[in-house]
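Peer 1: Before I ask anything, here is the structure I am working with.
The values are calculated or read from the model by the stated rules, or taken from the named source; none is laboratory data. Bear in mind that the values here come from a model prediction, so they are computed numbers and not experimental data. Every residue, glycine among them, receives a Cβ derived from its backbone with ideal geometry; neighbour counts consider all protein chains shown.
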Amino acid sequence: MKRWLAFAPLIVLGALAVLFAGYALKRNPQVSPDALVGKPVPALALPDLDSGTPAAIRQAGDGPMLINFFASWCAPCEVEHPQLMALKARGVRIVGVAYKDAPANTEAFIGRLGDPFAARLVDRDGRAGVEFGVTGVPETFIVDATGTVIAKHTGPLTPADLDALVAKLR
């Protein structure tokens, strides 16, 4: 009887491994939570990249826009950047939020690749990312004229995504 008790921890660990494997096989890592979709943009103020003074992520009358979380250390953000520049050229208002990044690095990143942002805000500690439900950068939130998040795009934007994004903003 005592020998079976010695194997009890191994049996429990084996059962936990089976449960974890079952969860992992059913979970799609490409699907991210969209808890903020259908809700208003969080009422947050973040420091402006240039002046450091707090600025609201969304102000009344801003109209439809994209809120893009990015970082200078993020390789997919660099891949996405030409699409953000193309959206700016099409008249889309984009608020850039530098996520867990040093302001000097953010300025160098934007200086090297171009500035597609109407506003550049800093989320140094990641708190705004938590409020938005950011799971990693880049992430883009589509906001309508009333300030409601109508969609979320996880990962880098591709040229194929641009027309769909612009259509959602109109």
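Peer 1: Would it be correct to say that R3 is loosely packed, with under 10 Cβ neighbours inside 10 Å, out of contact with any strand residue (DSSP E or B) (no Cβ under 7 Å at 6 or more places or on another chain), modelled with pLDDT of 65 or more and not small (G, A, S)? Please lay out each step first, then the result.
Peer 2: Numbers: loosely packed, with under 10 Cβ neighbours inside 10 Å: yes; out of contact with any strand residue (DSSP E or B) (no Cβ under 7 Å at 6 or more places or on another chain): yes; modelled with pLDDT of 65 or more: yes; not small (G, A, S): yes.
For R3, the condition - loosely packed, with under 10 Cβ neighbours inside 10 Å, out of contact with any strand residue (DSSP E or B) (no Cβ under 7 Å at 6 or more places or on another chain), modelled with pLDDT of 65 or more and not small (G, A, S) - is met.
Peer 1: Right, another one. Can you report the number of residues in the stretch 146-162 which are touching an Asp or Glu at 6+ places or on another chain (Cβ under 7 Å), under 16 Å from P76 (Cα atoms) and surrounded by fewer than 19 Cβ atoms within 10 Å (Cβ to Cβ)?
Peer 2: Of the stretch 146-162, the ones touching an Asp or Glu at 6+ places or on another chain (Cβ under 7 Å) are 150, 152-154, 156-157.
Adding the requirement that they be under 16 Å from P76 (Cα atoms) leaves 153-154, 156-157.
Cutting the leftovers down to surrounded by fewer than 19 Cβ atoms within 10 Å (Cβ to Cβ) gives us 154.
Number satisfying all stated conditions: 1.
Peer 1: Check off (1) surrounded by fewer than 20 Cβ atoms within 10 Å (Cβ to Cβ); (2) over 22 Å from P64 (Cβ atoms); (3) in contact (Cβ under 8 Å) with a residue 60 or more places away in the chain for V122 and give me the number that stays unchecked.
Peer 2: Among (1) surrounded by fewer than 20 Cβ atoms within 10 Å (Cβ to Cβ); (2) over 22 Å from P64 (Cβ atoms); (3) in contact (Cβ under 8 Å) with a residue 60 or more places away in the chain, V122 violates only (1).
Peer 1: Being over 14 Å from N68 (Cβ atoms) and of a type in the set (A, V, I, L, M) is the filter; apply it to the stretch 147-170 and report the residue that is modelled with the highest pLDDT.
Peer 2: Of everything passing the filter in the stretch 147-170, I150 is modelled with the highest pLDDT.
Peer 1: Would you confirm whether or not the stretch 14-32 contains a residue that is surrounded by 15 or more Cβ atoms within 10 Å (Cβ to Cβ), under 17 Å from H153 (Cβ atoms) and either modelled with pLDDT of 90 or more or of a type outside the set (D, E) (or both)? Write out each step before concluding.
Peer 2: Of all residues in the stretch 14-32, those surrounded by 15 or more Cβ atoms within 10 Å (Cβ to Cβ) come to 32.
Imposing the further condition that a residue be under 17 Å from H153 (Cβ atoms) reduces the set to 32.
Next, only the ones that are either modelled with pLDDT of 90 or more or of a type outside the set (D, E) (or both) stay: 32.
Yes, because at least one residue in the stretch 14-32 is surrounded by 15 or more Cβ atoms within 10 Å (Cβ to Cβ), under 17 Å from H153 (Cβ atoms) and either modelled with pLDDT of 90 or more or of a type outside the set (D, E) (or both).
Peer 1: With the requirement that a residue be assigned to a loop (DSSP other than H, G, I, E, B) and either loosely packed, with under 11 Cβ neighbours inside 10 Å or of a type outside the set (K, R) (or both), what does the stretch 55-71 give you? Explain how you work it out, then say what you get.
Peer 2: So the first thing to find is which residues in the stretch 55-71 are assigned to a loop (DSSP other than H, G, I, E, B), and the list is 57-64, 71.
Listed by number, the residues that qualify are I57, Q59, A60, G61, D62, G63, P64, A71.
Peer 1: Suppose we keep only residues that are under 16 Å from D48 (Cβ atoms) and in contact with a helix residue (DSSP H, G or I) (Cβ under 7 Å, 6 or more places away or on another chain) within the stretch 89-115. Which one would you say is surrounded by the fewest Cβ atoms within 10 Å (Cβ to Cβ)?
Peer 2: I94
Peer 1: Report every pair of residues separated by at least 6 positions or lying on different chains whose Cβ atoms are under 9 Å apart, first residue within the stretch 159-170 and touching a residue at least 24 places away in the same chain (Cβ under 8 Å) and farther than 18 Å from G63 by Cα, second assigned to a helix (DSSP H, G or I) and not polar (S, T, N, Q).
Peer 2: So the pair list comes out as P159/P82; P159/A86; L162/A86; L162/L87.
Peer 1: Sort through T140, T53, T106 and tell me the only one that's of a type in the set (S, T, Y), closer than 26 Å to P40 by Cβ and touching a residue at least 12 places away in the same chain (Cβ under 8 Å). Give the steps one after another, and end with the answer.
Peer 2: Values: T53 fails: touching a residue at least 12 places away in the same chain (Cβ under 8 Å); T106 fails: closer than 26 Å to P40 by Cβ.
Result of the check over T140, T53, T106: T140.
Peer 1: Testing G52 on (1) under 13 Å from D123 (Cα atoms); (2) surrounded by fewer than 19 Cβ atoms within 10 Å (Cβ to Cβ); (3) modelled with pLDDT of 95 or more; (4) not hydrophobic (A, V, I, L, M, F, W, C), one condition comes back false. Which one is that?
Peer 2: (3)
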